[in-house]
Amino acid sequence: MSIGKIAVLGSGTMGSGIAQVAALSGYEVLLIDVDQKFIDRALANIGKALQKSVEKGKLTTEDKEQILGRMKGSISYEDCKDVDLVIEAILENMDLKKQVYQKLDENCPSHAILASNTSSLSITEMAAATKRADKVVGMHFFNPAAVMKLVEIIPGLDTSDETVSAIEEVAKKMNKVPVYAKESPGFIVNRILVPMINEAVIALGEGIGTVEEIDTAMKLGAGMPMGPLALADMVGIDIVLAVAEVFHKEFADSKYRPALLLRQMVRAGHLGVKTGRGFYKYQK
Ligand code: CAA
């Protein structure tokens with residue numbers, strides 16, 4: 001099947017990054033959120049990111065205008081009536097996701113694929129909230145979505161081969177490298193990355209090193225482009241905790257127990273770059 005118009009649901013860090021990549025790749029994009037002010041903020045940020053590319057000589061002003069011209073915002077699921085694909089990037093809450101998938105199922109045309117950018121939740125469970133389980137699939141991007149080359153593709157129990165091939169084609173058109181992962185909490189990257197970040201937070205809590213020492217050690221000793229604590233700040237400490245909690249619950253194994261300090265930081269509202277304070281401080 002041919003995909004021309006994509007709705008991106010959720011205009012947070014991941015949703016707006018995915019919307020930017022999709023419009024840059026030539027797709028018509030509908031960015032949906034619950035409040036127009038979130039959409040306006042996301043479109044303004046995308047405009048700034050594209051302007052930087054113009055200044056670096058990677059895009060012309062005309063390219064930028066065309067890309068922005070392919071993007072529209074909406075606060076209504078009813079506007080999904082002519083989309084071919086929805087990429088959902090809302091909060092990592094299964095009850096909320098199920099309600100949203102039901103609404104998408106009612107409002108999207110019957111051929112439309114519903115793809116989730118979930119970091120760790122079950123695609124099969126979201127699919128079961130719809131009458132089109134064969135057209136529900138995981139399509140997991142990485143932060144920052146404009147830069148990171150990987151897209152994990154995760155078929156649910158009833159996802160059809162046709163759906164999977166269509167998503168692979170979209171990922172490639174977005175200039176990403178698709179890798180298939182079996183449906184299991186965290187798929188491939190987060191299954192390995194999140195326990196590592198959690199261990200860095202435990203090491204910090206035990207006083208093995210300071211924030212700077214731990215990050216410098218992992219950058220210079222393990223070749224990471226940024227340290228695990230800076231990465232937690234960029235991803236969002238609430239997201240890291242949510243994924244760690246899914247692992248702890250689903251595997252019922254104490255090796256996945258989230259660090260107490262992660263919980264404390266979330267309780268304090270220190271969620272990383274997005275709140276101006278995490279393991280480091282940021283100017284908002
Ligand atoms: N948005 C868009 N573009 C960005 C960006 C952002 N947030 N951050 C950096 N870039 C761009 C820069 O503009 C620059 O572009 P040019 O090459 O065109 O100049 C390029 O990326 C490189 O940036 P910098 O030179 O500023 O910095 P860097 O070389 O240190 O790279 C980085 C920054 C790409 C973020 C790099 O540090 C990195 O790869 N970090 C690890 C990121 C990572 O692990 N992400 C996965 C997180 S896990 C996840 O997302 C899954 C989940 O479900 C939780």
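The values are calculated or read from the model by the stated rules, or taken from the named source; none is laboratory data. Not measured: the values here are computed from a predicted model. Cβ placement follows ideal geometry from the backbone for every residue including glycine, while neighbour counts extend to all protein chains displayed. All accessible areas refer to the heavy atoms of the entire protein, side chains included, with ligands and DNA or RNA removed. Shrake-Rupley method; radii C 1.70, N 1.55, O 1.52, S 1.80 Å.
Rounded to the nearest 500, what is the chain's calculated 222 nm mean residue ellipticity when only DSSP H runs of at least 4 contribute -39500 (n - 2.57) each, over all residues? Provide the component values of the computation, followed by the final result.
On the way: 11 runs with 134 residues, N = 284.
Estimated from H runs of four or more residues: -14500 deg cm²/dmol.
Before I look further, what does the chain give for accessible area per residue, probe 1.4 Å, in whole square angstrom? Numbers along the way, then the final one.
On the way: 13920 Å² over 284 residues.
Value for the chain: 49 Å² per residue.
How much length would be gained if the chain were fully extended between S74 and S53, taking 0.36 nm per residue of separation minus their Cα-Cα distance, in nm to one decimal?
Values: separation 21, 0.36 × 21 = 7.56 nm, distance 2.59 nm.
This chain segment gains 5.0 nm when fully extended.
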Compute the relative contact order of the chain as a whole-number percentage, counting only Cα pairs closer than 8 Å that sit 6 or more residues apart in sequence.
-> 13 percent
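With every protein chain kept in the model, how would you rank F247, F142 by accessible area, 1.4 Å probe, largest at the top? Each step should come with its number before you reach the end.
Numbers: F247 0, F142 30 Å².
Sorted by accessible area, descending: F142, F247.
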Largest fluctuation, V136, V194, V266 only, Gaussian network model of the chain with Cα springs under 10 angstrom, belongs to V266
Under a 1.4 angstrom probe, counting protein chains only, how are S110, S116, S160 ranked by accessible area, largest first?
-> S110, S160, S116
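Rank these by accessible area, largest first, 1.4 Å probe: K182, K219. Write down the numbers at each step before the final one.
Numbers: K182 170, K219 90 Å².
Heavy-atom accessible area, descending, gives K182, K219.
Give the calculated FRET efficiency between D63 and M226 to the nearest 0.05, with a Förster radius of 30 Å applied to their Cβ-Cβ distance.
Values: r = 29 Å, r/R0 = 0.97.
Rounded to the nearest 0.05, the efficiency is 0.55.
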Counting only protein heavy atoms and leaving out ligands, DNA and RNA, the solvent-accessible surface of S76 at a 1.4 Å probe, in Å² to the nearest 10, equals 40 Å²
Classify the chain: rounded, prolate or oblate, from the alpha-carbon gyration tensor (a ≥ b ≥ c, eigenvalue square roots; a/c under 1.5 rounded; otherwise prolate if a/b is larger than b/c)?
-> oblate
To the nearest 10 degrees, how steep is helix 237-251 against the longest Cα principal axis of the chain, on a 0 to 90 scale?
-> 90 degrees
Label Y282 and L157 with points 7 Å out from Cα along Cα→Cβ: what is the distance between them in nm?
-> 3.8 nm
Mean Cβ-within-10 Å packing, highest first, puts peptides 10-17, 77-84 in the order 10-17, 77-84
By a straight-distance test (C-alpha under 16 Å), which aspartates and glutamates pair with K172 as possible cross-link partners, with residues fewer than eight away in the same chain excluded?
-> E152, E162
Solvent accessible area, Å² - M224, 1.4 Å probe, full protein context = 30 Å²
Would you mind checking K98/K135; K97/K173; K58/K274; K255/K281 for any pair whose Cα atoms are more than 23 angstrom apart?
-> K97/K173; K58/K274; K255/K281
At most 13 other Cβ within 10 Å, DSSP loop - GluC sites (Glu not before Pro), the stretch 205-258 = E206
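If the chain between K131 and E213 were fully stretched, how many nm would it gain, using 0.36 nm times the residue separation less the Cα-Cα distance?
So the extension gain works out to 24.4 nm.
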Restricting the count to DSSP beta bridges whose residues both fall in the chain, what percent are antiparallel, rounded to a multiple of 5?
-> 20 percent
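In whole percent, and with a 1.4 Å probe on the protein chains, what portion of the accessible area of the chain is carbon and sulfur? Can you show the working numbers first?
Working: 7410 of 13920 Å².
Carbon and sulfur: 53 percent of the exposed surface of the chain.
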At a probe radius of 1.4 Å, what is the per-residue accessible area of T210, in Å² to the nearest 10?
-> 60 Å²
